[in-house]
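Just so it is clear, none of the values below were taken in a lab; they were calculated from the coordinates. As the structure is a computational prediction, the values presented were derived from the model and not from experiment. In this analysis, Cβ positions are derived from the backbone assuming ideal geometry, glycine residues included, and neighbour counts consider all displayed protein chains.
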């Protein structure tokens, strides 16, 4: 079955689309598109500071993001020439917070989350069902809504080694500890990856990101900031991160006028490396597979290799480009949903029972 997955990451660098042929757990990526948000829309700028925006604007953004994805989807479908049977759409996350002490209004709910992007526009363009709101499905089943990526990491890499760790370096760094038995798979967010680095790059360098980690590699660690940021993320004790990353951006912003871009970037990169390597060492993984946009950051990979000291590979070395993994996840979840197949995330997100992932929109 042809399935299409699409999303934009935490750093909102691009809208990503992937077309796959899926039969059971056999997934073949066929084509991929990564397209930046239109400068005229200023979507990226607005969404990245959405916490300061009123609800009317959020409602407007919900439609504009959906329309923007629909325009890019129309272009992608015209290029590939094949019509998928179903589309999986994650949308743009603008808020995610794990609830440690549920109040009376949120009894039993482990997280609150909001993804924007009106799905109806995508279905109207493609004339096929679009599956969406995957995090809410998990939360409704008693889970934290994230991470969902261990499911696709398991499908793609379960046979690599007995103790494989898949490290996704997106806006947030999350890991999946794999096992041949999915019931024993574990996954969690471990700290920031690209989101805060990209935030500093935009503010200090006027660039979307620090390509290959070049500027970070020229910097020195600022010990006070390093300790502050490391302690902040260690003390959150959340298995899913969202609002914490936004708070960390505010924390780092006060230092931007006082230090070189190189030194701030190096400091933040080392904080991420420390948090990630500490968790992977604790898991005693014998192989680490890296995916996500951060897999292209050569300096970060160098530092991770030095700290973790076990074989590190990018997913590309297993035949799948690092950028493909997350959109493949949503193509696969859409495939499962449209075929009525439930997923069991009890040991990953803390959900209470197996459930059908996402909701169906068909125009």
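Report note on the peptides 153-163, 135-145, 217-227: ranked by the mean count of other C-beta atoms within 10 Å, highest first, their order is 135-145, 153-163, 217-227. Contact order for the range 150-310, expressed relative to its length and based on alpha carbon pairs under 8 Å spaced 6+ residues apart, stands at 31 percent. Seen from all directions on average, the range 151-236 presents a Cα convex hull projection of 7.4 nm². Here the residues 202, 296, ranked from fewest to most Cβ neighbours within 10 Å of their Cβ, fall in the order 202, 296.
Fully extending the segment from residue 359 to residue 45 would add 110.2 nm, taking 0.36 nm per residue of separation and subtracting the current Cα-Cα distance. Its relative contact order, with pairs defined as Cα atoms under 8 Å and 6+ residues apart, puts the chain at 22 percent. Summarising the label geometry, the points placed 7 Å from Cα in the beta-carbon direction at residue 243 and residue 258 lie 2.7 nm from one another.
With the helix formula -39500 (n - 2.57) applied to DSSP H stretches of n ≥ 4, the chain reaches a computed 222 nm mean residue ellipticity of -11500 deg cm²/dmol. Given their separation in residues at 0.36 nm each and the Cα-Cα distance between them, residue 226 and residue 95 gain 44.6 nm when the chain is fully extended.
Measuring from a point 7 Å past the Cα of residue 309 along Cα-to-C-beta, which residues in the range 160-201 have an amide N at less than 20 Å? Within reach of a label on residue 309: 163-165. How many percent of Cα pairs in the range 150-310 exceed 24 Å? Taking all Cα-Cα pairs of the range 150-310, the fraction more than 24 Å apart is 31 percent. For the chain, give me the percentage of DSSP beta bridges that are antiparallel, rounded to the nearest 5 percent. In the chain, approximately 70 percent of DSSP beta bridges are antiparallel ones. Stretched out straight at 0.36 nm per residue, the stretch from residue 82 to residue 56 would grow longer than its current Cα-Cα span by 5.6 nm. Listing 300, 251 from fewest to most neighbouring C-beta atoms within 10 Å gives 251, 300.
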